[in-house]
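**Student:** Would you mind keeping the following structure in view while I ask a few things?
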Amino acid sequence: MKKGKVKEAKVPDIQDIPEVVEELPDDSDIEPETIIIDFEDKWKRALADLDNMRKRTDRELEHLRKYSSELLILDMIRSMEDMERALDMSKANKDDMTKGLGMVLNEMNVTLKKHGVEIIESMGASFDPNLHEALMQECTDCIDDDDKIIVELQRGYKLHDRVIRHAKVKVGKYTKGGQINE
């Protein structure tokens, strides 16, 4: 679908308005110029409303196009992660299956990136509830690990600028004397 500029309709001049206005009954106390001004105002508003509707529709269509593949991508991610687990288990054999799985996994990663999917990098990052889901908390005596992700239990993913799956993580909480400092 090509995008083009919306052509602006020309508002008719006073001379172009049909002579119907002049055929008002004699007892009418409304001036023809008032009717013409009212007509022009309504016409301009209708054109503005139409233009706004077209712009809103274009934005909504762009949004639908951008995020329409979200469910497919989530399914692909699950398959990709199953292949990662199989690849990890087969590394002890170092056979052709390992190479094949590695190639397929790499191809799936490239496909996801091409469609706007990116992995949420979590390890060592500060906990962000917009990106991460804290499943566990672990006490730490290192103040640098306070509110930092110390273990990524499951990767998170973004589709363009939207989080489609939060990363499931374990968060470090600084403790002093065995007590969590709130």
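The values are calculated or read from the model by the stated rules, or taken from the named source; none is laboratory data. Note that this is a predicted model, so its numbers are computed, not measured. So basically every Cβ, Gly included, is an ideal-geometry build from the backbone, and we count neighbours across all protein chains shown.
**Student:** Just wondering, is there one or more residues in segment 43-53 that are touching a Pro at 6+ places or on another chain (Cβ under 8 Å), in a helix (DSSP H, G or I) and not assigned by TED's automatic domain parsing to the domain that holds LYS158? Don't jump to the end; show me each part of the working.
**Tutor:** Step one: list which residues in segment 43-53 are touching a Pro at 6+ places or on another chain (Cβ under 8 Å), which gives 43.
With the extra rule that they be in a helix (DSSP H, G or I), the set shrinks to 43.
Filter once more, keeping what is not assigned by TED's automatic domain parsing to the domain that holds LYS158: 43.
Yes: one or more hits.
**Student:** Further question: Could you tell me which residue of segment 66-94 is modelled with the highest pLDDT, considering only residues that are surrounded by 14 or more Cβ atoms within 10 Å (Cβ to Cβ) and of a type in the set (Ser, Thr, Tyr)?
**Tutor:** TYR67
One line per residue, one yes/no per condition, for (1) outside the structural domain of MET80 (by TED's automatic domain parsing); (2) touching a His at 6+ places or on another chain (Cβ under 8 Å); (3) within 30 Å of GLU62 (Cβ to Cβ); (4) surrounded by 13 or more Cβ atoms within 10 Å (Cβ to Cβ):
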site: GLY102; (1), (2), (3), (4): no, no, no, yes
site: GLY124; (1), (2), (3), (4): yes, no, no, no
site: PRO129; (1), (2), (3), (4): yes, no, yes, no
site: GLU133; (1), (2), (3), (4): yes, yes, yes, yes
site: ILE143; (1), (2), (3), (4): yes, no, no, no
site: ASP147; (1), (2), (3), (4): yes, no, no, yes
site: LEU153; (1), (2), (3), (4): yes, no, no, yes
